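Notes follow the structure.
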Amino acid sequence: DCGYEFQLSGTTRTIYCSKCRERIDLGDVVIDRPWSEEVKTGGSVIIRPTGRLENARIRAGNVILEGEMDDRSSIECTQWLEIGGRAEPSPRQLTMRNLRIAGGKEMRFKYKLQVNHLEVLGTLEADIEATGLVSIRDGGHLKGTVRGAHLHVEEGGGLSARVFIWPQGNPLETTS
């Protein structure tokens with residue numbers, strides 16, 4: 001909640017923030033049915049294809065979204081969000097650091113996506129702005145516009161996009 005970042009070593013189910021002393025649950029949650037409760041964990045949340053978020057708020061370290069979510073639900077990830085299965089979320093419902101499009105998944109986002117890292121194993125059509133690595137894996141295909149620091153396309157991966165790569169930052173941005 002306070003935004004403070006720190007690293008852990010070892011394994012534990014619960015910790016306390018070094019800064020604000022807030023209790024942080026690190027357990028994993030699997031949702032395989034309609035769900036309307038808030039989930040707050042530093043661990044992972046998996047929404048199975050049979051799961052459906054209904055006016056739910058998910059806050060987790062990692063989320064695998066294979067099921068559905070209504071337009072009143074939201075997902076916040078501090079690490080990776082993976083979209084696959086039947087999921088068709090709006091980017092306005094998602095806050096994530098890194099995004100992965102699962103193999104076999106086809107996604108199209110109308111709004112600009114801002115991420116650190118992007119990994120495409122399925123098909124993604126979007127306007128992407130990435131501060132880290134954009135990676136297109138074997139069988140993945142990225143369409144649209146890519147602005148970022150690093151790009152990696154594996155053999156067997158496809159790229160049909162306008163690409164702007166500036167490892168030292170965007171030269172079009174002016175600094176004062």
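Here are the numbers for the structure shown:
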{"quantity": "Val163 in a strand (DSSP E or B) and over 30 Å from Leu26 (Cβ atoms)", "calculated": "yes"}
{"quantity": "Residue pairs meeting the criteria (Cβ under 9 Å; at least 6 apart or on separate chains; first farther than 12 Å from Ile58 by Cβ, in segment 26-37; second surrounded by fewer than 13 Cβ atoms within 10 Å (Cβ to Cβ) and at pLDDT below 95)", "calculated": "Leu26/Leu8; Leu26/Thr11; Leu26/Thr12; Leu26/Arg13; Leu26/Thr14; Gly27/Arg13; Gly27/Thr14"}
{"quantity": "Complete set of residues in segment 70-82 that are within 20 Å of Glu106 (Cα to Cα) and either open to solvent by 30 Å² or more (accessible area, probe 1.4 Å) or in contact with a Lys or Arg (Cβ under 6 Å, 6 or more places away or on another chain) (or both)", "calculated": "Asp71, Trp80, Glu82"}
{"quantity": "All positions within segment 48-73 that are in a loop (DSSP other than H, G, I, E, B) and either within 21 Å of Arg97 (Cβ to Cβ) or of a type in the set (D, E, K, R) (or both)", "calculated": "Arg48, Glu54, Ala56, Gly61, Glu66, Asp70, Asp71, Arg72, Ser73"}
{"quantity": "Single residue of segment 65-99 satisfying the filter (touching a strand residue (DSSP E or B) at 6+ places or on another chain (Cβ under 8 Å) and of a type in the set (Gly, Ala, Ser)) that is farthest from Pro34 (Cα to Cα)", "calculated": "Gly84"}
{"quantity": "Selection count, segment 90-108, where residues are open to solvent by 10 Å² or more (accessible area, probe 1.4 Å) and under 21 Å from Arg59 (Cβ atoms)", "calculated": "9"}
{"quantity": "Members of segment 109-160 found to be part of a strand (DSSP E or B), among the polar types (S, T, N, Q) and either open to solvent by less than 10 Å² (accessible area, probe 1.4 Å) or under 22 Å from Pro89 (Cβ atoms) (or both), listed by number", "calculated": "Gln114, Thr123, Thr131, Ser135, Thr145"}
{"quantity": "Some residue of segment 83-94 being closer than 23 Å to Thr50 by Cα, in a loop (DSSP other than H, G, I, E, B) and in contact (Cβ under 8 Å) with a residue 40 or more places away in the chain", "calculated": "yes"}
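The values are calculated or read from the model by the stated rules, or taken from the named source; none is laboratory data. On a predicted model such as this, the values are computed, not experimentally measured, just so you know. No Cβ is skipped: glycine too gets one built from the backbone with ideal geometry, and neighbour counts run over all protein chains shown. Ligands, DNA and RNA are stripped out before the accessible areas are found, and what is left, the full protein with its side chains, is counted by its heavy atoms. Shrake-Rupley method; radii C 1.70, N 1.55, O 1.52, S 1.80 Å.
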